[in-house]
Amino acid sequence: MAASYTVIHQSAGDSFVPEKPRVWAETRIRDLGTSTAYDLAPDGKRLAAMLADDNDTNGQKGPTHLTFLLNFFDELRRRAPASK
């Protein structure tokens, strides 16, 4: 679920005013119990998630797509070397 919100700044204190919650996505995220099955990028524009198995249609599983980023800091140093 997702909800838009407004923050009202007043001299007596700020107020948080949420709107009515709505369905964020039809796709369900896997329930891992006490762990989270998703992570939000620092810019807030991307999300990585493990999807629930019940999202399959007609009882068939779709392809699994994974992207792994290896040697991130090596690539970062190559693209933006530290200035001396």
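For residues that are closer than 14 Å to Met1 by Cα and exposed (fewer than 10 other Cβ atoms within 10 Å of the Cβ), tally how many sit in the range 28-39.
Number satisfying all stated conditions: 0.
Does the range 6-26 hold any residues that are of a type outside the set (A, V, I, L, M, F, W, C), out of contact with any Phe, Trp or Tyr (no Cβ under 6 Å at 6 or more places or on another chain) and exposed (fewer than 10 other Cβ atoms within 10 Å of the Cβ), and which are they?
Thr6, His9, Gln10, Ser11, Gly13, Asp14, Lys20, Arg22, Glu26
Any read-out appearing in this document is the output of simple, stated calculations on the displayed coordinates, not a laboratory observation. This one's a predicted model, so the numbers in the text were calculated from it and none came from an experiment. Quick reminder, even Gly has a Cβ in these numbers, built from the backbone with ideal geometry, and neighbours come from all protein chains shown.
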